[in-house]
Structure formats: C-alpha cells, structure tokens
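Student: Right, I'll just put the structure down here and ask away after.
The values are calculated or read from the model by the stated rules, or taken from the named source; none is laboratory data. Bear in mind the structure is a predicted one, so any value in this text is a computation, not a measurement. Using ideal geometry, Cβ is built from the backbone for each residue, glycine included, and neighbour counts are taken over all protein chains shown.
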Amino acid sequence: MLDSLTLLVVMIMTNLLLAVTLWIALHGRQRDGLDKWTASLALQALALALYAGRGNLSPIFSIVAANTLLVWVISLKAAALLEFNQRRLPLRIHVLAGIAAAIVWLLIVDQSFRFRAITGGLIFGFGSLLLALLIDKYRSVMSMQTRLIMGGGFLASACIFFARAAGAWIDTGTPAELLHPNLFQGIVFLGSYMAVIVTSFGFLLMHTERAEALSIQLAATDPLTGALNRRTFSEIAESELELCRRLNAPFSVMMLDLDRFKLVNDTYGHLAGDIVLQRFAAIVQGCLRKQDLLVRYGGEEFCVLLPNVSIESAQALAERVRIAVSESPFAVARFSIPITTSAGVSSLENGSDGTLNTVLARADEALYRAKDGGRNRVVALPLASASTAELLKAIERRTGK
C-alpha cells in the first residue's frame, strides 16, 4: 500500500529542491517566466506541507489555505507560460482566482472528504487542462517534442484529478480522509508527483531551445541591424546561386550604400549613426520579399540577394528602396537627419556563365558608378555586358576594399 504521508513528504522535498535549484542556477536571469515557475514550485511545496498537517492544523490552513495556494500554483504556471511568449497575465487574475478559491473552500470546508475530493478534482483537473491547451498554442515558440512533454504532463495531471473526482463520485475506494492509506489515493499523489517533474523538465527544455535558437541567430546575423552577417552570406549565397542555375532562373544582387554616412557619424555621433543604420535596414527589409536576403556587407554597405529576380525587376526594387529611404524620417533625439542611398544592381541571367564573385563585383561596380554620378541614384549593369577587363577591374576594386 502506498503511504500518502510519505508521498506528500517526497513531493514537498522535490518541489523545494526544484525551486531552490532554479533560483540558485538562474539567479539574476529570472526572466521569460522562470521567476513565476520557481514561485509556483515553492507555493506548491507550502500547500502540500499544509496538506501533510491535516488533523494537526486548523481546517482553515490544511484545507482552505492549501487549496487556495494550489489554485495560485496553476495561475502562476499559466503566467510563466504566457511570459515566455512575451505576454502578461494581469495581477487581478491571480487575485480573483485566489479569492474565488478561498470562497469555494470556505463554503465546503465542513462538507465530507468525498464532496471536497469531487470539488478539488474538478477544479484542479480543469486548471491542468487549461495549461495543456495553453501549451498547444505555442507551436511557433517550442518544438513538437517539448510541446508533447509539457502538454502531456499537464494532460496526465488533468486525467489524474478527473479520475480522483470520478472515483469519489462513485465512492469506490474513496478514503475517509486525505492521509488515509489507500491505493487509489497513493496513485493520485504519485501521478501528481510525476507530472510536476515532467512539466518542470519541459519548462527548462523550452528555455534551452530558446537559448540555442538565439545563439544560432546571433551567429548568423548582425547584432545591430538584424541583417545577415557576411559570414552567413557566404554560406547561403553559393547555394542560392546553384539553385537558380538548376532552375534556369535569374539571380540578381543589389548593393546599397548610405550616402555621406561618415558625415552623419562626425556631426551627430556614432550612436546616432547606429540608429540610422537600424532604421535603414528596417526600411530595406520592408521592401523585400520573404525569400530575399538582406546582408550587412560592411560598415554602411548592405547587399541584397534576389533569387529568381531579373535585372529589370531588381532595378525597379532598388528604385523603390531608394525612394523609401529618401522619403522616410530619420529622427535622432531632436534632430531630423536627411538620409539617401545609392544602389548598384547586377544579375546572372538564365543560363549565363559567371560566379558569385563576378556578379558581386559587377553590382559593386554599378554602386561605384551611382556614387560617382552624384549619389541617391540606382545604376544597373548586366553581367553579360561586362568585358573581361571591366570584370577584372571591378573584382580588384571589390577585393581591395
């Protein structure tokens, strides 16, 4: 026979150990719901300790307070999950949930254990079910495996509580009191214990996945503008070019450079320059398709890879970007900074020869001509029209930067 008091003590120690371990290991980094999850574990340990005092403590503590705390455990876990997804559960929800729970348990505190078991089973069963349904909404922020772990843990907990309510309803083996030795009661406690372990492990797994995704993103992108960095560009561009070759599709490149950007840094400071770069990248990104790739090529120079885009379409896109930049406000503090951009475009047309380096050099040559021609303009130079001497000169200029 599973001893209920022993299982309660084990659950109390497990919740406390999990809470303390999380607090120590993640001290100073209690974000994205970790603080609320830690608090829920501590509150659950306290509620179970009050349960364990049944018979020695006043029913106000061992029944009303204990069950009210467990309702707060559910609301804190919901808040932790929402915060992980950059959402908030208002404080009034926690307060109202606690008040409602206290009122319910005050009204039934003098009822039979069977009646209280039915009520508690339904309340905590529906609470666990709501947490399982909340997990199902997180398809975009966690892997399927983690959703199965978290959702499965909460769903199992819901089933356990519903089974407890059903068992008390039909009165088959329902104990007279919470700590009365009973196989069914022991199974309920054991299942709840396992659900705590599984869901806490799943919550940590959620954070591990996010940390790994962030590390990959930081390695692939420019931290200031969010555009791809040059190293990632080198890895992606060749494969995109090869795919366009196999599909016999054009492959265009747009080179962008902010006009007189050094003057912005010298006049308004480098912090203002950073803000301008961020705003510029956002404007350009807003003009692109999902499959187009924006790369911070270096300093104030950006490159856009345009798979399956002809040079005419690329030139039209570059013109839209130029107009969008010149017409957009670049406000820094009390200053409004006039910003323009020059663009150079080139393309490998369907089936044409050429390498990534040559098309980049040709686009760079086009950008050079746009800057030399007065800035704030777009120049397109088809790769096919370039002579060998022009290409060699362009490549030499590009690699000599």
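Student: Just checking, how many residues over the range 298-351 are within 34 Å of the chain's Cα centre (by Cα), among the small types (Gly, Ala, Ser), surrounded by fewer than 22 Cβ atoms within 10 Å (Cβ to Cβ) and assigned to a helix (DSSP H, G or I)?
Tutor: The total comes to 2.
Student: Moving on to the next point. For the range 104-131, enumerate the residues that are crowded, with 20+ Cβ neighbours inside 10 Å and of a type in the set (Ser, Thr, Tyr).
Tutor: Passing the criteria: only Ser128.
Student: Could you list, in sequence order, all residues of the range 312-324 that are closer than 16 Å to Ala370 by Cα and not basic (Lys, Arg)?
Tutor: The answer is Ala314, Gln315, Ala316, Leu317, Ala318, Glu319, Val321, Ile323.
Student: Restrict the check to the range 338-354 and report whether at least one residue is modelled with pLDDT under 90, of a type in the set (Ser, Thr, Tyr), closer than 19 Å to Thr225 by Cα and in contact with a strand residue (DSSP E or B) (Cβ under 7 Å, 6 or more places away or on another chain).
Tutor: Looking for residues that are modelled with pLDDT under 90, of a type in the set (Ser, Thr, Tyr), closer than 19 Å to Thr225 by Cα and in contact with a strand residue (DSSP E or B) (Cβ under 7 Å, 6 or more places away or on another chain), one finds none in the range 338-354, hence no.
Student: Checking the structure you have, find out if any residue of the range 57-68 is part of a helix (DSSP H, G or I), assigned by TED's automatic domain parsing to the domain that holds Met206 and in contact with a Ser or Thr (Cβ under 7 Å, 6 or more places away or on another chain).
Tutor: For the range 57-68, residues part of a helix (DSSP H, G or I), assigned by TED's automatic domain parsing to the domain that holds Met206 and in contact with a Ser or Thr (Cβ under 7 Å, 6 or more places away or on another chain): absent.
Student: Any chance the range 19-35 includes a residue that's within 19 Å of Ile135 (Cα to Cα) and among the basic types (Lys, Arg)?
Tutor: yes
Student: Scan the range 197-211 residue by residue and report those that are surrounded by fewer than 21 Cβ atoms within 10 Å (Cβ to Cβ) and either at pLDDT 80 or above or outside any helix (DSSP H, G or I) (or both).
Tutor: Result: Ile197, Val198, Phe201, Leu204, Leu205, His207, Thr208, Glu209, Arg210.
Student: Within the range 205-230, how many residues are free of Cβ contacts under 8 Å to residues at least 24 places away in the same chain and out of contact with any strand residue (DSSP E or B) (no Cβ under 8 Å at 6 or more places or on another chain)?
Tutor: Summing the residues that are free of Cβ contacts under 8 Å to residues at least 24 places away in the same chain and out of contact with any strand residue (DSSP E or B) (no Cβ under 8 Å at 6 or more places or on another chain) in the range 205-230 gives 11.
Student: Now, a different point. Just the residues that are under 13 Å from Ile337 (Cβ atoms), among the hydroxyl-bearing types (Ser, Thr, Tyr) and either surrounded by 14 or more Cβ atoms within 10 Å (Cβ to Cβ) or outside the structural domain of Leu381 (by TED's automatic domain parsing) (or both), please, taken from the range 259-297.
Tutor: Within the range 259-297, just Tyr268 meets the criteria.
Student: What pairs can you find where one residue is in the range 109-136 and closer than 18 Å to Trp72 by Cα and in the same structural domain as Gly152 (by TED's automatic domain parsing), the other is hydroxyl-bearing (Ser, Thr, Tyr) and assigned to a helix (DSSP H, G or I), and their Cβ atoms are less than 7 Å apart, with a gap of 6+ or different chains?
Tutor: Cβ pairs passing all conditions: Ser128/Ser157.
Student: Ok, one more. Before we move on, is Phe154 in the same structural domain as Leu190 (by TED's automatic domain parsing), within 21 Å of Leu8 (Cα to Cα) and either within 23 Å of the chain's Cα centre (by Cα) or without any contact (Cβ under 8 Å) to a residue 24 or more places away in the chain (or both)?
Tutor: The answer is yes for Phe154.
Student: Can I ask one more? If I filter the range 24-34 down to residues being farther than 15 Å from Phe201 by Cα and modelled with pLDDT of 70 or more, which single residue comes out as nearest to the chain's Cα centre (by Cα)?
Tutor: Asp32
Student: If you scan the range 322-337, which residues turn out to be within 16 Å of Gly273 (Cα to Cα) and either of a type in the set (A, V, I, L, M, F, W, C) or free of Cβ contacts under 8 Å to residues at least 24 places away in the same chain (or both)?
Tutor: Correct list: Val325, Pro329, Phe330, Ala331, Val332, Ala333, Arg334, Phe335, Ser336, Ile337.
Student: To continue, here is another question. Look at the range 75-91 and say how many of its residues are more than 12 Å from the chain's Cα centre (by Cα) and buried (at least 17 other Cβ atoms within 10 Å of the Cβ).
Tutor: Matching residues across the range 75-91 total 7.
Student: Quick check on the range 246-258: of everything there that is in contact (Cβ under 8 Å) with a residue 40 or more places away in the chain and surrounded by fewer than 18 Cβ atoms within 10 Å (Cβ to Cβ), which residue is nearest to Gln315 (Cα to Cα)?
Tutor: Taking the candidates together, the pick is Ala249.
Table: residues versus (1) touching a Cys at 6+ places or on another chain (Cβ under 8 Å); (2) over 21 Å from Asn357 (Cβ atoms).
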site	(1), (2)
Phe280	no, yes
Pro307	yes, no
Ala318	no, no
Ile323	no, yes
Arg334	no, yes
Ile339	no, yes
